[in-house]
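Some notes on the structure that comes next.
The values are calculated or read from the model by the stated rules, or taken from the named source; none is laboratory data. Just so we're clear, the structure is a prediction, and the values are computed from it rather than from any experiment. Glycine also receives a Cβ, built like all others from the backbone with ideal geometry; neighbour counts cover every protein chain displayed. To get the accessible areas, we keep the full protein, side chains included, count just its heavy atoms, and leave off ligands, DNA and RNA. Shrake-Rupley method; radii C 1.70, N 1.55, O 1.52, S 1.80 Å.
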Amino acid sequence: MTAEFQNSRTKENLMKAFAGESQARNRYTFAAEQAKESNLYVLSEIFEFTAEQERAHAKVFYDHLAGLAGHNITVDGTYPVDAADNLLDLLHMAHHNEMEEFEDVYPAFAKVAEEEGFLPVAASFRMIAQVEQNHAMRFQHIAKLVEQGQLFAAAGEDVWMCLNCGHLHKGKQVPEQCPVCQHNRGYFVPVDMAPWTC
Ligand SMILES: [Fe+2]
Ligand SMILES: [Fe+2]
């Protein structure tokens, strides 16, 4: 590892990003548990899915630090306390944090990495920033569905899938219980939001 990297701001930014991603992963895992306890399986899956992607981001940043194995890196950071009883609040907080990463934090880190000559690191910051924007849009979309009471109801006839057993239900809203597997309505999603449908 070059002396330049050891003395760089990029080294610190990578550690801050690793900390931020690791925390986001945990926050989303907590939110997923909360959603599951509220019988909102779909929300739980969305938080879990995103948590796994934050883990992958943490790994990308951590791998950039591999050359400093055995060293400690001291950083100052500001991290959110996103605790709420209400899942809608958690969705809004998640959206806010993702937008901050996309708009402010990672572009600033990328700029420093470019100035310091660490171009592969800058590329990681810029590409992951794009993913964070997708996360933000996903959380915003789901928050809107919850706000408008459309998580389990559509304006017109829709096809919904029970994510437990795959049963397809046609109608304006999902049944209280899946008629096939008896799982609660929290398992239903509009079929176009179901994974692996083609
Ligand atoms: Fe991330
Ligand atoms: Fe994210």
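Would you work out the Kirkwood radius for segment 16-95? I mean one over the mean of 1/r across all pairs of different Cα atoms, in Å.
By the Kirkwood definition, the hydrodynamic radius is 13.6 Å.
Using the Karplus curve 6.51 cos²θ - 1.76 cosθ + 1.60 with θ = phi - 60°, work out ³J(HN,Hα) for each residue of segment 135-144 in order, rounded to whole Hz, and write x for Gly and Pro.
Here the 3J(HN,Hα) series is 4, 4, 5, 5, 5, 5, 4, 5, 4, 5 Hz.
How many percent of the accessible area of the chain is carbon or sulfur, using a 1.4 Å probe?
52 percent
Leu40: accessible area at probe 1.4 Å, nearest 10 Å²?
Rounded to the nearest 10, the figure is 40 Å².
Have a look at Ile46, Ile128, Ile73 and tell me which one the Gaussian network model of the chain (Cα, springs below 10 Å) gives the largest fluctuation.
Checking each option, the largest mean-square fluctuation is seen for Ile73.
Out of Met193, Met93, Ala32, whose Cα points farthest toward the positive end of the dipole of the chain (charges: +1 Lys, Arg; -1 Asp, Glu; placed on Cβ)?
Met193
Roughly how many whole Å is it from the C-alpha centroid of segment 125-146 to that of segment 173-198?
23 Å
Read phi for every residue in segment 34-45 and hand back ³J(HN,Hα) as whole Hz from Karplus 6.51 cos²θ - 1.76 cosθ + 1.60, θ = phi - 60°, with x for Gly and Pro.
The phi angles translate into 4, 5, 5, 5, 8, 6, 10, 4, 4, 4, 4, 5 Hz.
Between Ala58, Ala153, Ala66, which gets the highest mean-square fluctuation from a Gaussian network model of the chain, Cα cutoff 10 Å?
With Cα springs under 10 Å in the chain, the top fluctuation among Ala58, Ala153, Ala66 is at Ala66.
Over segment 3-147, give the accessible area per residue in Å² for a 1.4 Å probe, as an integer.
53 Å²
If each residue of separation counts as 0.36 nm, what is the full-extension length gain between Thr197 and Arg126 once their alpha-carbon separation is subtracted?
Here the answer is 22.5 nm.
Where only protein heavy atoms count, and the probe is 1.4 Å, what is the accessible area per residue for segment 153-193 in Å²?
Per residue, segment 153-193 has 57 Å² of solvent-accessible surface.
FRET efficiency for Ala154 and Tyr79, Cβ-Cβ distance as r, R0 = 30 Å, nearest 0.05?
It comes to 0.20.
Can you give the accessible area of Lys11, probe radius 1.4 Å, in Å² rounded to 10?
The accessible area comes out at roughly 30 Å².
For a quick check: with amide H placed at 1.01 Å from N, whose amide H comes under 5 Å from His167's, ignoring anything fewer than 5 positions away on the same chain?
When sequence neighbours closer than 5 places are left aside, the close amide H contacts are Cys162.
Which one of Phe139, Gln177, Val105 has its Cα pushed farthest toward the positive end of the charge dipole of the chain, where Lys and Arg give +1 and Asp and Glu give -1 at the Cβ?
Of the candidates, Gln177 comes out farthest on the positive side.
So what's the angle, to the nearest 10 degrees on a 0 to 90 scale, between helix 87-100 and the longest Cα principal axis of the chain?
30 degrees
Calculate the radius of gyration of the Cα atoms of the chain to one decimal place, then report Dmax, the largest Cα-Cα distance, as a whole number, both in Å.
Using the Cα atoms of the chain, the pair Rg, Dmax is 19.9, 64 Å.
Go ahead and collect, in residue order, the members of segment 90-106 whose backbone nitrogen is under 19 Å from a label point 7 Å along the Cα-Cβ direction of Glu33.
In segment 90-106, the label zone of Glu33 (backbone N under 19 Å from the point 7 Å along Cα→Cβ) covers 90-91, 94.
Per Stokes-Einstein, at 10 °C and 1.306 mPa s, what whole-number D in µm² s⁻¹ belongs to segment 117-198, with the Kirkwood radius over Cα pairs as the hydrodynamic radius?
Rounded to a whole number, D works out at 108 µm²/s.
Can you pull out the cysteines in the chain that have no other Cys Cβ under 4.7 Å?
Lacking a cysteine Cβ partner under 4.7 Å: Cys198.
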